[in-house]
1. Report ³J(HN,Hα) in whole Hz for each residue of segment C:180-194, in order, from the Karplus equation J = 6.51 cos²θ - 1.76 cosθ + 1.60 where θ = phi - 60°; Gly and Pro get x.
2. Taking 7 Å along the Cα-to-C-beta vector as the label spot, tell me the residue A:275-residue D:82 distance in nanometres, rounded to one decimal.
3. Output the antiparallel fraction of DSSP beta bridges having both residues in chain A, as a percent to the nearest 5.
4. Gap in Å between the Cα centre of segment D:91-160 and the Cα centre of segment D:48-77?
5. Seen from all sides and averaged, what is the projected area of the convex hull of the Cα atoms in the protein assembly as shown, in nm²?
6. Explain nothing, just compute: Karplus ³J(HN,Hα) = 6.51 cos²θ - 1.76 cosθ + 1.60, θ = phi - 60°, for every residue of segment D:215-226 in order, whole Hz, x for Gly and Pro.
7. Could you give the alpha-carbon Rg of segment D:219-309 over 2.2 N^0.38 Å, rounded to two decimals?
8. May I ask you to evaluate 6.51 cos²θ - 1.76 cosθ + 1.60, the Karplus curve with θ = phi - 60°, for each residue of segment D:13-27 and list the ³J(HN,Hα) values in order in whole Hz, giving x for glycine and proline?
Amino acid sequence: MKNLVSVAAVALSLAAAPVALAKDTLKVGMIVTLSGPPGALGNQARDGFQLALEEMGGKLGGMETEFILEDDELKADVAQSKARSLVEREEVDFVVGTIFSNMLAAIYKPVIQSGAFLISPNAGPSTFAGKNCHENFFVTSYQNNQNFEVLGKIATDKEYRKVFMLAPNYQAGKDAMAGFKQNYKGEIADEIFTPLGHKDFSAEIARIADAEADALFIFMPGGMGVRFVKQFRASGLADKMAFLSAFTVDETTLPAQKDDAVGMNGATNWAPDLDNEQTAAFTAAFEEKYGYIPGGYAMQAYDSAKLIDSAVTKAGGVGDKDAVRAALEAADFTSLRGDFSFNNNHYPVQDFYLLEVVKRDDGKYHTSIVEKVFDDYADSYADACKL
Amino acid sequence: MSVLLATHGLCKSFGALTVTDDVSLELRTGECHALIGPNGAGKTSFVNQLSGLLAPDSGRIEFLGQDITNSSPAARANAGLARTFQITSIIPTMTLFENVALAAQARCGSSYRFFRPVHKDRQINALAGEALERIALTSRNDKLARTLSHGEKRALELAMAIAQKPRALLLDEPMAGIGSDESGQLTDTLLMLKQDYPLLLIEHDMDAVFKVADRVSVLVYGRIIASGTPDEIRANREARTAYLGDET
Amino acid sequence: MRAAAPALVAFMFLAAMPLLAEFWGGSYVTGLIMRAMILAIAALSLDLLIGTCGLVSFGHAAFLGIGAYTAGIAITEGTTDLATILGITIGISVLFALVTGAISLRTHGVTFIMITLAFGQMLFFTFSALSEYGGDDGLTLWERAYAYGLFEFEHGLFYTIFGLLVAIWLLLDRLRQSRFGRVLLAAKENSTRMETLGYGVFGYRLTAYVIAGVIAGIAGALTANEAEFVSPALSAWQRSGDLIIVVVLGGVGRRSGPVLGALAFVVLEEGLSSLTHDWRLIFGPLLIFIVLFAKGGLASLFERRQA
Amino acid sequence: MSSTLLLIQLLNGIQLGVLLFLIAAGLTLVFGVMGFINLAHGVQYMIGAYLTVWFYGMTGHFGAALLLALLAALALALFLEFAVFRHLYDRDHLDQVLATFGVILFLNQAVKVIWGPTPLVISPPEFLAGTFRLTENLNYSIWRIAIIMIGFTVAGLLWFLVTKTRIGMLVRAGATNAGMVGALGVNIRRLFMIVFGFGAMLAGFAGSIAAPIYSVEPGMGDGLLITAFVVIVIGGIGSIRGTFIAALLVGLVDTLGRSTITDILKLFLEPSAANQIGPALASMAIYILMAAVLFFRPEGLFPAQGRRA
């Protein structure tokens, strides 16, 4: 009996950290996915944020910064428990997270309720963009649907008459289809949902071949994208139709896709060769330090660090929440994207580009800007937000 | 003496092997009807059909005037048809007393009762105690059933059957594996049981059969080849060659 | 009484937890313990099947999903009354348990394991297809159920869960020693004999299956209120597997087993993962050691020491 | 749906079935003969795939990598058998579940620590890497055809091994009555070790040949393990023939279900409704199949006990 108590006591003291808070340190917690195959995305975000932190000498807004990294393991209950640990035990001032929308849904309430600021470096679901927006929640990436809307615009601009649509069968996949259709009014050959984690795309590819469409709209993040691109290239279809993708060919998947992806198109808010000084410096420093080319996940995390830095500087610390909030809203920092501002719902207003996969002279692959599609593009949910 | 349990033209086969071949048999009130036959004659298959563990291919089973051919084993037990098993079938992880109490519980109203501790249930305990008293079991009540000796287990089976307050008892070789010293005692128990319950006795021990049974039927290859009083059977040539011949 | 002692000590400890948490990590720790207690409730219900009936269900998380989604959808649609939510949860759990139980209980052994898995997965995919309620992303609850002011008290939710845990533990403990429980325990050992004694084993098992389902459904509804978030993952096979792991870890069919198993599972996972991101490298071998050197689970350690 | 499409889906279904068979064969033997539930069997598949990629990186030769990977996978399996599993044979099924679950946790994490979380890729051997033309604008991978042929060959060998050799006879006898084999004076421990090692190697082999078409990632065997369990209970535990047929059945139902159910629903439902229900139903298809089979034949389609000698 005595043992039970002592076991539990030891275990709990393991879980409980010393509660000592110096006033001049800033605490930032990050929750991203580091486990499993999607961990590659989280790794980018972590590296991006840490690079920014390092460049600023371990200080954000002039304050010594304690950075706490947590892995949500892509499990809602884990994400939630980590979020609570950050806001309730560590009492962090900022939570930066998450990569995936379903993880954001899991941590949203505990973080917001604690009074900490929640900054999403990637996930930007519609759920929190409209009437459920919150004054302490900021998104430095995009509203999820935007990349798909951009692709719809591209399909319309290029006058593709018939488009085949493919996405995984989960919420983001459904949003992707809806987002694309918002700006594309041409004929849709077929829309197919594959199971999440789908491995074998030959049946889908056969149907694509049969449909004889002008373009393929596709959303296949992570490992699914790697497999699809390989199989699509092998089928010979890649040369016969346009490939409009989001989150399918990017810096996290290209090391595996290699030549198979070259020439394929994507659309998003940035590419490592975006023409501005800060991007050139960032990309070089990042590659130097981590040995791979940064993608959007790294860029957005880097920007998140810069955003926090600017806000804490401007508000002179984190004591006055209202001042910090106002400073965050001002977004007074040099974004790697150049133009960057927040809408009333705290989602970004930014430019969007058509991208293409290229092979660099040193044999590495990255996405490259082809042209600007939207200037200062805002999401369509902001109107419903009362902020 | 009225007919309590009867089969009419019961048939059962497994593939090409016929284990019950047109068996019609009766058990009347107050009697002990013994069913004998060599190993593999189909005795246990027959009892399994009576107790509902095995469905006959054709034929009918009647108990207390009701057709029970398609009734579940539980329904038959609840109608008052109790049985024992040739290969001891008890709950090894429960105590001797709990085993008997389980049998008694089936006769003490609904078992869909979820809160009262069953070991304090007076009604059940009284009935179980009564049954245990009748079958003189020397072992302690709280001994785990799996630790009992073979003879004790056989006796436990009988106690369980009695605790069911049956209208008729099917005893499948109650003496199986019992040494000669214990068999005499068990024979006495059977004689005592016979006072209260009609018995359908399946048994190899001929001494016991001829001592206890009022009527004997001989089953060979699933068929009843002879039926009559013990004396008649002893005199029956067919029965002797088929079965008794081996032993006498 | 000895076998129950670890659970009783654990309950005393849990009751004092909100006080202790003042010194030990605050609301983070109480949140953790709330999840452990809900897990314990679910594990208790599964142990009614595994420990008392000998039925290993690999789809028990389906009921967690039923409870959680009932609460989630009801609250989203504006029905926040706790009694109503629990009523609907119980109703749906009973229905689902009756239908799936009636089919599954015709089988036994591995077949039973796999057929319950099948039903669990069917429900999982159904929840995943509920686009209106978040689909795979899950559903954030914007408020908790209205428990007549109970949840507004400090630690109100904690003590509600605690109270339910103790009540369910007592209830199941009584059930195990009741007429009904004795029939189930005996049928686990020898169901043929029970049939010939006059017990329709199927009916008893189905009833137990329904009771277990209802309790797990309640655990699901509690999860939704505690986490204020529900997702299909709650009913996936991994979660059913976790429940089995918790039951085995604690000790199958032991009075204190599920409670100890759930506490150990949550505390170990949390403690180890705060040490290293690769905590599974420790947790995995730990499970193996527990199996190899603590037959009968954690509860048996306490029982043996006291005997 | 065009006939080419149907053909492709049939081929894909068979190819998935063949992979499932390679994994399930070991699982059903280990379970049938030894009564041992090995959840870690799926991890063997993952290990096979990782080792192949790893050795390929070292040798640059697919065949050599395959061979080395098989040997290494076998070595790991035998080590696990020696260190963990053999202490579990006479334990409760639930204990086996808990311990082998621990093995899964450890190995999945270990693989991630060693090779990182990013999916790895590998190409099939040069001469099988290409595609052949099915229709004007549709090619089909030769490697997939190769997988099907390899799978059928292995199935044939396995059939020969189990029905025509002494060790196979013992294995079959063991699947029906393990106690009896022991009574015959056979070294059960050794038989178990052979069966276990062989089963693990088959799973590793499946991982090896699957590596070029699926991405190699931590936890890649977990989902397949559950599907393999579905296969062995449908086929009847301990039966190689049943497992083979069930594997093909599950492969086909899964593949065809995913490609046709939504279309069929579209015939009498709104497209949006069909798109919502269809994929969910398709994911359930194999579980519905299993539930139906088990309902009518609880012992599976070809229970080992019913087999003729």
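1. With the stated coefficients, segment C:180-194 comes to 4, x, 5, 4, 4, 4, 5, 5, 4, 7, 7, 6, 4, 4, 5 Hz.
2. Distance between the two pseudo-spin positions: 6.5 nm.
3. The antiparallel fraction comes to roughly 35 percent.
4. Each part's Cα centre sits 12 Å from the other's.
5. Value for the protein assembly as shown: 50.5 nm².
6. So the Karplus estimates, Gly and Pro as x, are 7, 8, 8, x, x, 5, x, 5, x, 5, 4, 4 Hz.
7. The value comes to 1.26.
8. Coupling constants for segment D:13-27: x, 5, 5, 4, x, 5, 4, 4, 4, 4, 6, 6, 4, x, 4 Hz.
Every number here is computed from the coordinates shown, using simple stated rules; none is lab data. All values reported here derive from a predicted model rather than from experimental measurement. Methodologically, a virtual Cβ is constructed for each residue, glycine included, from the backbone with ideal geometry; neighbour enumeration extends over all protein chains shown.
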